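Take a look at the structure set out below.
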Amino acid sequence: MESLNRMATDLVDEAIDFADELNVAVTPLDGETTVLDFGVEIPGGVEAGLLLAEIQTAGLTSVQTAIEDVAGAPMTHVELSTDHPALALLCAQKAGWEVSTDDFEGLGSGPARALVAEEEIYQRVGYRDEFDFAVLAIETDTVPDEAVAEQVAEMAGVPVSSVFLPAFSAASITGSVQMAARAAELAVFRLSELGYDPLDILSASGSAPVAPVAESEEMAIARTNDALAYGGRVHLTVDSEFDRFDEVPSTATEEYGQPFAEVFEDADWDFYEVPEDVFAPAQVTIDVIGGPTHVLGERNDEVLAESFDL
């Protein structure tokens, strides 16, 4: 397998070449780190969000849009599929890097995480990346600066000039689109956390609605999580049976039925106080090769309509 960061760098180059068409702003910092504003000081867009999802998954996914109904209303959905779920979704796409300096807070996803490889999932998958460039997509309401670039470069073990930082806010078109592309990731991560070998997940496909852009970062985070927990649908093909498949969808959680705005309010908007298992797709089909096909959970258009203000 090629380096995840090498494959992501090729896609970043594409974003730079077509920045105007994608409505992406490219800014070199003093240390020659390249920041790509996908939706912080600009609105972003659907095509930018689709390319960002490919960057976050290091090009190991196919991503596209479709129109489906939510409570009778036609809405854009994002569909993502991969035959490399452990690498694409857990080692790359998962948002597992808290980026924090004196003046900046953000949440990093993408293949630069695999250059650090301190999260437990890398030991379980048996992967650590080695490459001269690092690509870290950061969810933030502030454009990353030199201090952020230096921190990422130091942790990833690359020169500051070799860091690419695509950035976006949750309250942007890009933010809504890239979040809708995470339905399969949530199912794969949840199954892995339940004790299933992530390497036994052979393929993953997911779909979720693109949440309307909210007026604030907090409400955008709530809405986009509602899109997944109440509208996300996933199909997995796996190698072996497991006695905890029924715990994968969001319907298995105690909080099911509550819009995420209420869930986050109960935790005083401290996201790390929210139970991890609430971050799950609404419905999951798990196809065991040579065995049964499990159909679990259900969509909930009533909660989606309330969250999306339909």
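For the chain, the longest principal axis of the C-alpha atoms and the axis of helix 46-56 are separated by about 80°. Computed from phi, the 3J(HN,Hα) profile of the range 275-284 under the Karplus parametrisation 6.51, -1.76, 1.60 (θ = phi - 60°) reads x, 5, 6, 6, 8, 8, x, 6, 9, 9 Hz, with x in place of Gly and Pro.
Between helix 217-231 and the chain there is an angle of about 40 degrees, using the helix long axis and the longest principal axis of the Cα atoms.
Averaging Cα coordinates gives a centre for the range 1-70 and one for the range 253-283; these two points are 28 Å apart. Phi angles across the range 250-265 convert, under the Karplus curve 6.51 cos²θ - 1.76 cosθ + 1.60 with θ = phi - 60°, into 3J(HN,Hα) values of 5, 4, 7, 8, 5, 7, 4, x, 8, x, 5, 4, 6, 4, 6, 4 Hz, Gly and Pro given as x.
Could you work out Rg/(2.2 N^0.38 Å) for the range 182-289, with Rg from alpha carbons only? Can you show the working numbers first?
Details: Rg = 14.1 Å, N = 108, 2.2 N^0.38 = 13.0 Å.
Against the compact-globule rule of thumb, the ratio is 1.08.
Going by neighbour counts of Cβ atoms within 10 Å, the residues Arg223, Arg124 line up, fewest first, as Arg124, Arg223. Each DSSP beta bridge with both residues in the range 4-308 is either parallel or antiparallel, and the antiparallel ones are about 70%.
Which peptide among 201-212, 155-166, 19-30 comes first, and what is the full order, when sorted by highest mean count of other Cβ atoms within 10 Å?
Values: 201-212: 23.7, 155-166: 20.8, 19-30: 15.6.
Going by the mean number of other Cβ atoms within 10 Å, highest first, we get 201-212, 155-166, 19-30.
Taking 0.36 nm per residue of separation and subtracting the current Cα-Cα distance, fully stretching the chain between Ile289 and Glu215 would add 22.2 nm.
Angle, helix 183-193 long axis vs. longest principal axis of the chain, Cα atoms, 0 to 90°, nearest 10? That works out to roughly 80 degrees. The peptide list 135-141, 214-220, put in order of mean Cβ contacts within 10 Å with the highest first, becomes 135-141, 214-220.
For the chain, what's the relative contact order in percent, using C-alpha pairs closer than 8 Å and at least 6 residues apart? Computed over the chain, the figure is 18 percent. Cα centroids of the range 94-134 and the range 170-195: 16 Å apart.
Values quoted throughout were computed directly from the atomic coordinates according to the rules given, and no laboratory measurement underlies them. All values reported here derive from a predicted model rather than from experimental measurement. In this analysis, Cβ positions are derived from the backbone assuming ideal geometry, glycine residues included, and neighbour counts consider all displayed protein chains.
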